[in-house]
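Scroll down for the structure; my scribbles are underneath it.
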Amino acid sequence: MNVEEQLDFIEKVGKINAGKNLKYTIYTMGCQLNENDSEKISGMLENMGYSKTENMEDADVIIYNTCCVRENAEDKLFGKLGEVKKQREQKGTIIAICGCMMQEKHIIDKIKKSYNFVDIIFGTHTIHKLPEDLYNVICNRKRIMDILDIDGEVIEGLPIKRNDNIKASVTIMNGCNNFCSYCIVPYVRGRERSRDPQDVINEVEDIAKQGYKEVTLLGQNVNSYKGNGNLGITKFSELLRAVNKIPGIERIRFVSPHPKDFSDDVIDAIRDCDKVCKLIHLPLQSGSTNILKVMNRKYTKEQYLELANKMKERIPGLTLSTDIIVGFPGETDEDFEDTLDVVRQINYEQVYMFIYSRRVGTPGDKMENQVPEEDKHRRFDKLKALVESQIDENNKKYVGTVQKVLVEGKSKNNEEMLTGRTDSNKVVNFEGPEDLIGNVIEIPIVSEHMWYLKGQI
Ligand code: SAH
Ligand code: SF4
Ligand code: F3S
């Protein structure tokens, strides 16, 4: 794949658009990888002469970057498409859809059949071809479908327009090889492809020079990252150590690691690297060994607990967050009790809870012993109550402590307040002068609330 060719198209479209004051808007669904892809799409669009608007009616290009990890995303997308049809008819707005959902055949069929006004459809492997697609739509008013169902190459050298100026995400690998039996991601993102360590380091150095303070390394399975040996980096622990040395960066986070790949060298690197935050996301999914086996997670309840305890022993001050699915096919009340048991034992800092959602094409969807909706919801509510009581208890422990907070900006709900996050990713709101934004400062915590802590300087 030739990036130069796309940069040429960026220039060509830029010339056509010059002086027209055109605008784009982008709706992003799904995970941080999709957010990061949207930043690349924004980068290309801005270089083609479009500026960003939050107002759909002002947009000349509307992009939907979709997710399909759970249902309801579909209804959301089709609802939105219904809304923009008229705008396209009236002012010729270009409508483009991309992202994970576009790698699903039944979705493409539905768009072709019922939403044939969409101008551009591109997949997760062809994001970089947006300039060429857009050029063809503008010049030939031709509808474009640019989807590859093979694994794309790792594309380097495209522009990027980031959403934030203090925290940045850097994708280190694409795709997933794990095929957890509930999950659509391996089918829509393809196999694991790691970026060249040199490119990752260059990107982090670059954002550090621009003044960013925090970087999150992204991938579906970051701890199976495989470097090609450039800079002496072949694995994730080595990459972490290299990123830790970059001046200017003060905090490093990463999502998501897989418990099965959490080797000792990764644990040691987290312990040794002062900038790596000591809140680690360790997806559990289920606490039942039986369910974990059918989920194809490749660890047992005991192995997970052993790993978590080993990490806590070796890394002082470590806290954990996790993802949990309730109501996977075959899950009994007893299995669910195992999940609650792990949650009680680990006492997570944060739990992302999901009700199992059948995904077409995954083994889970074909299983006959689907859990009735009411059982799923009953279990979800029970888990939620436990998690919230734990968060409440944990928040109390912060009161009276002094926390290192990276100040991110003004609070969204209250202009008078500044907001930031602790190393453990807790939101801290406090009053203070604006020139603190972008700094890590020590703040005494004076009170706690469900979703934030209050600080006083
Ligand atoms: N690769 C990451 C995250 C993938 S998707 C990881 O392995 O942790 C994010 C989360 O969505 C998953 O961790 C899982 O908890 C949830 N999820 C994935 N597929 C799901 C499904 N079919 N139904 C409900 N939740 C799902
Ligand atoms: Fe999905 Fe499992 Fe891959 Fe995560 S590791 S993306 S849950 S298949
Ligand atoms: Fe969704 Fe794709 Fe991420 S399916 S969760 S946007 S990888």
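Please indicate, with yes or no, whether at least one residue in the stretch 350-365 is basic (K, R), at negative phi, in a helix (DSSP H, G or I) and buried (at least 17 other Cβ atoms within 10 Å of the Cβ). Looking for residues that are basic (K, R), at negative phi, in a helix (DSSP H, G or I) and buried (at least 17 other Cβ atoms within 10 Å of the Cβ), one finds none in the stretch 350-365, hence no.
Take L307 and tell me if it is in the same structural domain as R379 (by TED's automatic domain parsing), within 30 Å of E373 (Cβ to Cβ), crowded, with 16+ Cβ neighbours inside 10 Å and within 16 Å of ligand 1 (Cβ to nearest atom). So L307 does not fit the description; no.
Being more than 26 Å from V69 (Cα to Cα) and touching a residue at least 12 places away in the same chain (Cβ under 8 Å) holds for only one residue in V405, V371, V387, and it is V405.
From K52, K76, K85, K40, which residue is under 30 Å from V185 (Cα atoms) and in contact with a His (Cβ under 9 Å, 6 or more places away or on another chain)?
Working: K52 fails: in contact with a His (Cβ under 9 Å, 6 or more places away or on another chain); K76 fails: in contact with a His (Cβ under 9 Å, 6 or more places away or on another chain); K85 fails: in contact with a His (Cβ under 9 Å, 6 or more places away or on another chain).
None of the other options fit; the residue is K40.
Taking every residue in the stretch 260-287 that is under 11 Å from R241 (Cα atoms) and pairing it with any residue that is within 13 Å of ligand 1 (Cβ to nearest atom) and not in a loop (DSSP other than H, G, I, E, B), at least 6 positions away or on another chain, the pairs with Cβ-Cβ distances below 9 Å are V266/N223; I270/I280; V276/F254.
Each residue in the stretch 335-360 was checked for being under 25 Å from V255 (Cα atoms) and either within 11 Å of ligand 1 (Cβ to nearest atom) or in contact with a Pro (Cβ under 8 Å, 6 or more places away or on another chain) (or both), and 9 of them qualify. Meeting the requirement of 3 or more residues that are of a type in the set (D, E), the helices (runs of 4 or more DSSP H) wholly within the stretch 212-299 are 264-272. D151 satisfies every condition listed in (1) without any contact (Cβ under 8 Å) to a residue 40 or more places away in the chain; (2) under 17 Å from D37 (Cα atoms) except (1).
Please find, within the stretch 54-95, the residue that is nearest to the chain's Cα centre (by Cα) out of those that are polar (S, T, N, Q), more than 16 Å from ligand 1 (Cβ to nearest atom) and surrounded by 15 or more Cβ atoms within 10 Å (Cβ to Cβ). Working first, answer last.
Let us first name the residues in the stretch 54-95 that are polar (S, T, N, Q), namely 55, 65-66, 72, 87, 90, 93.
If we keep only those that are more than 16 Å from ligand 1 (Cβ to nearest atom) as well, we get 55, 87, 90, 93.
Within this subset, residues satisfying the condition of being surrounded by 15 or more Cβ atoms within 10 Å (Cβ to Cβ) are 87, 93.
Numbers: Q87: 30, T93: 28 Å.
Here the residue is T93.
With respect to I172, determine if the residue is modelled with pLDDT of 90 or more and either in contact with a helix residue (DSSP H, G or I) (Cβ under 6 Å, 6 or more places away or on another chain) or in the same structural domain as S51 (by TED's automatic domain parsing) (or both). Write out each step before concluding.
Details: modelled with pLDDT of 90 or more: yes; either in contact with a helix residue (DSSP H, G or I) (Cβ under 6 Å, 6 or more places away or on another chain) or in the same structural domain as S51 (by TED's automatic domain parsing) (or both): yes.
Judged against the criteria, I172 is a match.
For the stretch 98-133, name all the residues that are among the hydrophobic types (A, V, I, L, M, F, W, C), touching a strand residue (DSSP E or B) at 6+ places or on another chain (Cβ under 7 Å) and within 18 Å of T28 (Cβ to Cβ). If the condition is that a residue be among the hydrophobic types (A, V, I, L, M, F, W, C), touching a strand residue (DSSP E or B) at 6+ places or on another chain (Cβ under 7 Å) and within 18 Å of T28 (Cβ to Cβ), then C98, C100, M101, M102, V118, I120, I121, F122, I127, L130 are the ones that fit.
Those helices (runs of 4 or more DSSP H) of the stretch 55-169 in which 3 or more residues are modelled with pLDDT of 95 or more and on the phi < 0 side of the Ramachandran plot occupy 130-140.
Residue count for the stretch 152-194, restricted to those that are within 16 Å of ligand 1 (Cβ to nearest atom) and hydrophobic (A, V, I, L, M, F, W, C): 9.
Among G30, G19, G43, G14, which is the only one that is in contact (Cβ under 8 Å) with a residue 40 or more places away in the chain, more than 16 Å from ligand 1 (Cβ to nearest atom) and of a type in the set (G, A, S)? Write out each step before concluding.
Numbers: G30 fails: more than 16 Å from ligand 1 (Cβ to nearest atom); G19 fails: in contact (Cβ under 8 Å) with a residue 40 or more places away in the chain; G14 fails: in contact (Cβ under 8 Å) with a residue 40 or more places away in the chain.
Exactly one residue qualifies, and that residue is G43.
No other residue among T339, T322 is part of a helix (DSSP H, G or I), of a type in the set (S, T, N, Q), at negative phi and assigned by TED's automatic domain parsing to the domain that holds S263 apart from T339.
The values are calculated or read from the model by the stated rules, or taken from the named source; none is laboratory data. Owing to the predicted nature of the structure, the values given are computational and were not obtained by experimental measurement. Counting neighbours? That spans all protein chains shown, and the Cβs are built from the backbone with ideal geometry, glycine included.
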